[in-house]
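Here is the structure we will look at, set down as structure tokens.
The values are calculated or read from the model by the stated rules, or taken from the named source; none is laboratory data. Because the structure is predicted, anything quoted here is derived from the model rather than measured. Note: ideal-geometry Cβ built from the backbone for every residue, glycine included; neighbour counts use all protein chains shown. Only protein heavy atoms, including side chains, enter the accessible area calculation; ligands, DNA and RNA are left aside. Shrake-Rupley method; radii C 1.70, N 1.55, O 1.52, S 1.80 Å.
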Amino acid sequence: MISYLKQGKTEEEIALNDSEVSIIVSNTIKQIEKHGDSAVRELSQKFDKWSPESFKLSNEQIQDIISRVPEQTISDIKFAQSNVRKFAEEQRKSILDIEVETLPGVILGHKNIPVTSVGCYIPGGRYPMVASAQMSVLTAKVAGVERVIACTPPIQGEIPEATVAAMYLAGADEIYILGGIQAMASMAIGTETIQAVDMIVGPGNAFVAETKRQLFGRVGIDLFAGPTETLIIADESADAEMIATDVLGQVEHGPTSPGAVITTSQKLAEETLKEIERQVELLPTGDIAKVAWEDYGTLIVVDTLEEALIEADKLAYEHVQVLTEDPDYFLKNMKNYGALFLGPETNVAYGDKVIGTNHTLPTKGAARYTGGLWVGKFLKTCTYQKVTEEASVHIGEYAARLCQLENFAGHAEQALLRVRRYSNQQN
């Protein structure tokens, strides 16, 4: 049996907000399609008070910016990028081309071909997400993408220097100081000064996420991403202080970021509610975290870990932190999640910033059908086939009959032509 000590907004309330965002994004994309650079400049000035001579940074500008970034910051960025690169390289090694002879004379195979060009969005605003540079730009480069461009918004009229350093160190070929809808649409559609890409990736606010959704098909995307989600699964071995800290440490992302706790302990659930109320008043970002928890927070009490597993899979949250005596139970059995964080020694912030796994992950239930961003997202697995004359005769007879079964006369003739031609040559 499960019971809710607290529930967030209903799906209907959330959908209403989403529809308003959708209209704004649609109109903005049309502006950029019609007016190109002039529309981008107008939007950048309107939303970011930013209208430089060129949105693209020159190499001289980039080097000047990097020279002002503290050495410790550069060192920290390099440490994080080294971890991301190591894991991405191991992932790339696991993706193999294949070629196999399935029947005598029938050779089938596939090649993993990198996307030619990718546009990466690195969010800014209140939180300059430096880490997103390595998660997108660096991962694309490890996958073998030839041209990787990156956009990040100005912050209060200033260039976010540490973010630019991270973009450059990650391997970005072009860096633009440009934010929001106008950044994503410019990269996907192209303008007079920005060459369009084949794929756009990266996290962002509701407007960035909706822009990706509407542009999908015209370009590829990494995944549909909404506000950050975090779920903590806990038993009586966990403590309320850690649960509250780890929930608030993620819902501070924004006022619509869901946070959830599933626990087998009624006592722990009640202590957690009190601890969240206490900590949120002390947290420097508590103004945002408090709204997110009040509007989107959920706390569920279950009888068993098996029930916890069922409820967790229903939620299919982006981040799932397991604070139980046997966290491996969830590693072995849980199916729907973006990333798992097992045991009290780890936490979502490690994955977000430095440990090496990618922080661009599925939200809004998308974990039911996709994982997060990784090198494989930047690769196209493309098949090929080749056959001998003898094999073409053999396969052709089957193909012709199957095509005729479906009333595809032209398809059948493709096969029969080979049967006639190569049968004669063999005789």
Let me have the relative contact order for the range 256-385, percent, based on Cα pairs under 8 Å that are six or more residues apart. 21
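How big, on average over all directions, is the shadow cast by the Cα convex hull of the range 108-233, in nm²? Don't jump to the answer; show the numbers that get you there.
Numbers: hull surface 39.6 nm².
With every direction weighted equally, the projected area is 9.9 nm².
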Once the dipole of the chain is set up from charges on Cβ (+1 Lys and Arg, -1 Asp and Glu), the residue from the list GLY343, VAL301, ILE113 lying farthest towards its positive end is ILE113
With x for Gly and Pro, the residue-by-residue ³J(HN,Hα) of the range 207-222, computed from phi through the Karplus equation 6.51 cos²θ - 1.76 cosθ + 1.60 at θ = phi - 60° and given in whole Hz, is 6, 5, 4, 5, 4, 4, 4, 6, 8, 4, x, 5, 9, x, 9, 6
Carbon/sulfur accessible area of the range 379-427, % of total, 1.4 Å probe, equals 51
Using alpha-carbon coordinates, inclination of helix 37-48 to the longest axis of the chain, degrees: 20
Solvent-accessible surface ranking, highest first, for LEU361, LEU108 at 1.4 angstrom: LEU108, LEU361
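Just flag the trypsin sites (Lys or Arg not before Pro) in the range 185-281 sitting in loop per DSSP whose Cβ has no more than 15 other Cβ atoms within 10 Å.
Working: sites: LYS212, ARG213, ARG218, LYS267, LYS274, ARG278; in loops: ARG218.
When the trypsin sites (Lys or Arg not before Pro) of the range 185-281 are filtered for loop state and at most 15 Cβ neighbours within 10 Å, ARG218 remain.
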Please list, in order, the residues from the range 112-138 whose amide nitrogen is less than 19 Å from a point placed 7 Å along the Cα→Cβ vector of GLU158. 123-131
What value, in deg cm²/dmol to 500, does the helix sum -39500 (n - 2.57) over DSSP H runs of n ≥ 4 give at 222 nm once divided by the residues of the chain? -15000 deg cm²/dmol
Given the range 195-270 reduced to its alpha-carbon atoms as identical point scatterers, what log10 I(q)/I(0) does the Debye formula return at q = 0.18 Å⁻¹? -0.75
With all protein chains modelled, accessible area of LEU103 [1.4 Å, Å²]: 80
The range 394-412 versus the range 30-93: alpha-carbon centroid distance in Å: 53
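Quick one: pull the percent of accessible area on the range 263-337 belonging to carbon and sulfur, 1.4 Å probe, ligands and nucleic acids left out. Walk me through the numbers on the way to the answer.
Numbers: 1840 of 3610 Å².
For the range 263-337, the apolar C and S fraction of the accessible surface comes to 51 percent.
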Accessible area of TRP50, 1.4 Å probe, to the nearest 10 Å²? 40
Residue of PHE47, PHE207, PHE330 that the Gaussian network model of the chain assigns the largest fluctuation, springs spanning Cα pairs under 10 Å: PHE47
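Seen from all sides and averaged, what is the projected area of the convex hull of the Cα atoms in the range 118-166, in nm²?
On the way: hull surface 12.4 nm².
For the range 118-166, averaging the hull's shadow over all directions gives 3.1 nm².
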Each label point is 7 Å from the Cα along the Cα-to-Cβ direction; what then is the distance between the points at GLN61 and THR383, in nm? 4.7
By the Cα gyration tensor axes a ≥ b ≥ c (a/c under 1.5 gives rounded; else a/b larger than b/c gives prolate, otherwise oblate), the shape of the range 226-382 is oblate
Can you list residues whose amide H is under 5 Å from GLN321's amide H, if they're 5+ apart or on another chain and H is modeled 1.01 Å from N? LEU231, ILE232, ILE233, PHE341
Of the cross-linked pairs LYS290/LYS335; LYS78/LYS377; LYS93/LYS353; LYS212/LYS353; LYS86/LYS314, which ones have a Cα-Cα span greater than 25 Å in the structure shown? LYS290/LYS335; LYS86/LYS314
Report Rg(Cα)/(2.2 N^0.38 Å) for the range 141-210, keeping two decimals. 1.09
Contact order normalised by residue count of the chain, Cα under 8 Å, 6+ apart, percent: 19
Connecting every pair of Cα atoms under 10 Å apart in the chain and solving the GNM, the largest mean-square fluctuation among GLY249, GLY217, GLY119 falls on GLY217
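Between LYS267 and ASP97, what FRET efficiency comes out of the Förster formula 1/(1 + (r/R0)^6) with R0 = 56 Å and r the beta carbon distance, rounded to 0.05?
Values: r = 55 Å, r/R0 = 0.98.
For R0 = 56 Å, the calculated efficiency reads 0.55.
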For helix 409-426, what angle does its Cα long axis make with the longest principal axis of the chain, in degrees from 0 to 90 and rounded to 10? 50
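Please give the direction-averaged projected area of the C-alpha convex hull for the range 1-116, in square nanometres with one decimal. List each step's numbers first, then the result.
Numbers: hull surface 73.7 nm².
The Cα convex hull of the range 1-116, projected and averaged over all directions, gives 18.4 nm².
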7 Å from Cα along Cα→Cβ at both ARG278 and LYS6: what's the point-to-point distance in nm? 1.4
In whole percent, the fraction of accessible protein surface over the range 70-126 that belongs to carbon or sulfur atoms, probe radius 1.4 Å, stands at 58
How much FRET efficiency would the formula 1/(1 + (r/R0)^6) give for ALA409 and LYS30, where r is the Cβ-Cβ distance and R0 is 35 Å, rounded to 0.05? 0.20
Within the set SER22, SER392, SER44, GNM on the chain using Cα springs under 10 Å gives the largest fluctuation to SER392
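Could you give the accessible area per residue of the chain, probe 1.4 Å, as a whole number in Å²?
Values: 20950 Å² over 427 residues.
With all protein chains present, the chain gives 49 Å² per residue.
Past the 36 angstrom mark, what percentage of all C-alpha to C-alpha distances in the chain do you count?
Values: 34564 of 90951 pairs.
In whole percent, the share of Cα-Cα pairs in the chain beyond 36 Å is 38.
Sorted by accessible area with a 1.4 angstrom probe, largest first, how do LYS332, LYS380, LYS314 fall? Could you put the intermediate results ahead of the total?
Numbers: LYS332 165, LYS380 95, LYS314 140 Å².
Highest to lowest solvent-accessible surface, that is LYS332, LYS314, LYS380.
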Would you list LEU315, LEU178 from the most to the least accessible area, probe 1.4 Å? LEU315, LEU178
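By how many nm would the segment from GLU53 to VAL69 grow when fully extended, if each residue of separation counts as 0.36 nm and the alpha-carbon distance is taken off? Please list the in-between numbers first.
On the way: separation 16, 0.36 × 16 = 5.76 nm, distance 2.33 nm.
That pair, GLU53 and VAL69, stretches by 3.4 nm at full extension.
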The range 167-207 shape via C-alpha gyration tensor axes, a/c threshold 1.5: oblate
Note on the range 149-281: contact order normalised by length, alpha-carbon pairs under 8 Å, 6 or more apart, percent, works out to 17
